[in-house]
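Shown next, in C-alpha cells, is the structure this report addresses.
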Amino acid sequence: MTDLKDIIKASNVAVITGGASGIGLAAARRFAGAGMCVAIADRNADRLGEARAELEAIAGEANVMAVETDVAHRHELEALERAVLQRFGRVHVLMNNAGIQPDTSIFSAEANWDHILAVNLMGVIHGTQVFGPNMLAHGEPGLIVNTGSKQGITTPPGNPAYNVSKSGVKV
C-alpha cells in the first residue's frame, strides 16, 4: 500500500471542491505548499477569488486555478474537469469536500432535503464518477478524498438531512 505522503510527493495536481474556505482551503494551502498545482472549486465567487489570491501567493499564479462550481449539478463538475485537464493535463488528487449545512427537520420542505443531498452526497458521487476514470487512465498515483462528518457517524438529534447526507458519504 502506498503511503499518503508518497502519493502527494509523486503528484502534481489537486482538485478541491468547497476549496474557498474551511477544510477545503486548509487542504489547498497544504497541497500548494507541497509544490502541487491546485484547482479549487466553490459556489461563492467572492470567497473563491480571495482563496485563489492566497494560494497564488503560496504556489504562484501559474499553479493555481479557481472555478465557480456548484457540485449539485453534474454538468458543472464535468466542466470543472475539462477546465482542469485543459490547464494542467491530469488530476492526481481529488478532494470531494463541498458541503452545506442548513438546518432541517423531518418536516422541512422536500426541496431543502433535495438540495442538501444533491450537494453533500451526490456531489461526492458525481465528483468521483466524473474525475475517477481519467485519474485511473493516466496510471500515475492518485487519491480521492471524500470529506465526511462526525454527524454521519453519530447522527445526533437535529438536522436530519445533513446527517443522512454525511452517513451516505461514509457508506
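The values are calculated or read from the model by the stated rules, or taken from the named source; none is laboratory data. Computed from a predicted model, the values in this text were never measured in an experiment. Neighbour counts are summed over all protein chains in view; Cβ atoms, including those assigned to glycine, are modelled from backbone coordinates with ideal geometry. Side chains are part of the model used for accessible areas, which takes the heavy atoms of the whole protein and leaves out ligands, DNA and RNA. Shrake-Rupley method; radii C 1.70, N 1.55, O 1.52, S 1.80 Å.
Scan the range 19-54 for residues that are buried (at least 23 other Cβ atoms within 10 Å of the Cβ), out of contact with any Lys or Arg (no Cβ under 7 Å at 6 or more places or on another chain) and over 23 Å from residue 141 (Cα atoms) and report the count.
2
Residues that are in a loop (DSSP other than H, G, I, E, B) and surrounded by 14 or more Cβ atoms within 10 Å (Cβ to Cβ): does the range 121-133 have at least one?
no
Determine the pairs where a residue that is under 20 Å from residue 115 (Cβ atoms), located within the range 74-93, has a partner that is small (Gly, Ala, Ser) and open to solvent by less than 70 Å² (accessible area, probe 1.4 Å) with Cβ atoms under 8 Å apart, the partner being 6 or more residues away or on another chain.
The qualifying pairs are 77/123; 77/127; 80/39; 80/41.
Does any residue in the range 25-47 that is touching a residue at least 24 places away in the same chain (Cβ under 8 Å) and among the charged types (D, E, K, R) come within less than 9 Å, Cβ to Cβ, of a residue that is part of a helix (DSSP H, G or I) and open to solvent by 20 Å² or more (accessible area, probe 1.4 Å) six or more places away or on a different chain, and which pairs are these?
29/54; 29/58
List the number of the failed condition for residue 105; all other conditions in (1) part of a loop (DSSP other than H, G, I, E, B); (2) more than 30 Å from residue 157 (Cα to Cα); (3) open to solvent by 40 Å² or more (accessible area, probe 1.4 Å) hold.
Evaluating residue 105 over (1) part of a loop (DSSP other than H, G, I, E, B); (2) more than 30 Å from residue 157 (Cα to Cα); (3) open to solvent by 40 Å² or more (accessible area, probe 1.4 Å) leaves (2) as the failure.
For residue 51, are the conditions met, namely being touching a Leu at 6+ places or on another chain (Cβ under 6 Å) and over 23 Å from residue 135 (Cα atoms)?
Details: touching a Leu at 6+ places or on another chain (Cβ under 6 Å): yes; over 23 Å from residue 135 (Cα atoms): yes.
Yes; evaluated as a whole, the condition is true for this residue.
Is it the case that the range 150-168 has a residue that's among the β-branched types (Val, Ile, Thr), within 30 Å of residue 62 (Cβ to Cβ) and touching a helix residue (DSSP H, G or I) at 6+ places or on another chain (Cβ under 7 Å)?
Within the range 150-168, not a single residue is among the β-branched types (Val, Ile, Thr), within 30 Å of residue 62 (Cβ to Cβ) and touching a helix residue (DSSP H, G or I) at 6+ places or on another chain (Cβ under 7 Å).
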